[in-house]
Ligand SMILES: C[S@@+](CC[C@H](N)C(=O)[O-])C[C@H]1O[C@@H](n2cnc3c(N)ncnc32)[C@H](O)[C@@H]1O
Ligand code: SF4
């Protein structure tokens, strides 16, 4: 893939590597100073009545999509999934005991991997176990990521019975040539059937995941996929930029470099897709999402309250998120705690009655300042540095070095700056990661493990 870093004008940021900032600092900075003891203390300090979000990670898929950047493994053995479930239930029970009923569940998200490989009965067992964490808010969002290829007859109906009210479908791309090149054959009829079944089961809040930057895609082919996706009537669409990091994800090496679009072609894909969404009346949400005008995310954009966490953009996410399962990340008022990414280590720790947390991060006062700036940019594309300085009681020149570093992006027209007010300019919104990176105090302190901005 061509890298066009360093060129002036419109492409000043193309090819630059930067984190996606679902956390600050990014997870590659986490270290062992947050361990089981720290997590125990943070859990004990969760105030009574706290809103709590839950994330459950299911690290299994039937086959590997070659572009996949998620933490997952391939299995066709139901007994392996059943064994994982048993440990997951034990982890939930241990956390519930430590929390002693102080939580109030406001959102539950099953992610992966492919949580749709769990049976309805297994999902039911997990939801029942979660009742011990705290009472479920009647308005709680209960969401699941679905691989449409795993949907079996009656599955959607089962989800409806369990109270699921949102589903995210992995669509990616409808073009058969692209599907062949990513090892994910998924005819449109399969997605259509999944959508119909979910709607019939009363699950009408449907998200689609699409990716641009995949092998053999062109701006025209991505636009066709967007059109076909819109015909199926999703409420939200995530349009992810393909993160190609074959050094970290070996299977991505099965995608030959020469089949990948250039950074400039990716920019054209994004802009063309964006026009389709705008024409269809969708509101752009942050860097890579689009939502129907009356969707909660669109309303949050208008109200200036959109927020970001590990699951992406959210209208009003709880401060405390408990992650369960291999690799999942919890967020507390004090910082982040991540479970081990090793399935055997996870199983052994939980079975021995220990916490599977292996690393994390405690926010410093300065981290909170930078997180506020980065969150504002990632969610609303603008930030008033003077307001941040006032809010945190900082010296007036606190961001002098960053303002100087923004100059090339300002000269390239990516941002507009008026005094302390910084705004990412419309067509360059997909470059917001590059702008946020200017405020990242840790960037460069560890080897790069991020994908390119485009
Ligand atoms: C856990 S998967 C969704 C559920 C299910 N496993 C599936 O694929 O249908 C989450 C989403 O991450 C996105 N994704 C995975 N690998 C990616 C990559 N390397 N770059 C960008 N997006 C990626 C895909 O759009 C995928 O749908
Ligand atoms: S994209 Fe989804 S289905 Fe494909 S390998 Fe990754 S997690 Fe599994």
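Computed from the coordinates by the stated procedures, all read-outs in this text should not be read as laboratory data. Everything numeric here is computed off the predicted structure, so don't read it as measured data. So basically every Cβ, Gly included, is an ideal-geometry build from the backbone, and we count neighbours across all protein chains shown.
When the chain is fully extended, how far beyond the present Cα-Cα distance does residue 180 get from residue 251, taking 0.36 nm per residue of separation?
On the way: separation 71, 0.36 × 71 = 25.56 nm, distance 1.46 nm.
The span from residue 180 to residue 251 would gain 24.1 nm if fully extended.
Please arrange 410, 145 by how many other C-beta atoms lie within 10 Å of their C-beta, fewest to most. Each step should come with its number before you reach the end.
Numbers: 410 16, 145 22.
Final ranking by Cβ density, sparse to dense: 410, 145.
Return one quarter of the surface area of the convex hull spanned by the alpha-carbon atoms of segment 365-443, equal to its mean projected area, in nm². All intermediate terms of the calculation are to be shown ahead of the outcome.
Working: hull surface 19.2 nm².
Computing the convex hull of the Cα atoms and averaging its projections yields 4.8 nm².
Could you work out, for the chain, what percent of all Cα-Cα pairs fall into each 10 Å distance bin, beginning at 0 Å and stopping at the bin that holds the largest distance?
Here the calculated profile for the chain is 4, 20, 31, 29, 14, 2, 0.
Using alpha carbons only, how many angstrom separate the centre of segment 107-131 from the centre of segment 203-238?
Their Cα centres are 26 Å away from one another.
Looking at the chain, what % of its DSSP beta bridges pair antiparallel, to the nearest 5?
Details: 28 of 67 bridges.
For the chain, the DSSP antiparallel bridge percentage is about 40.
Only counting other Cβ atoms within 10 Å, I'd like 151, 64 sorted with the fewest neighbours first. Mind showing how you got there, number by number?
On the way: 151 21, 64 17.
Fewest-to-most ranking of 151, 64: 64, 151.
Could you work out [θ]222 nm for the chain from helices alone, using -39500 (n - 2.57) per DSSP H run of at least four and dividing by all its residues? Round to the nearest 500 deg cm²/dmol.
After summing the helix terms and dividing by residue count, I get -10500 deg cm²/dmol.
Determine, for 150, 340, the number of other Cβ atoms within 10 Å of each Cβ, and report the residues in order from fewest to most. Provide the component values of the computation, followed by the final result.
On the way: 150 16, 340 20.
By the 10 Å Cβ count, ascending, the order reads 150, 340.
Could you sort the peptides 116-123, 326-333, 251-258 by per-residue average Cβ neighbour count (10 Å cutoff), highest mean leading?
Numbers: 116-123: 19.5, 326-333: 22.8, 251-258: 13.5.
The most tightly packed comes first, giving 326-333, 116-123, 251-258.
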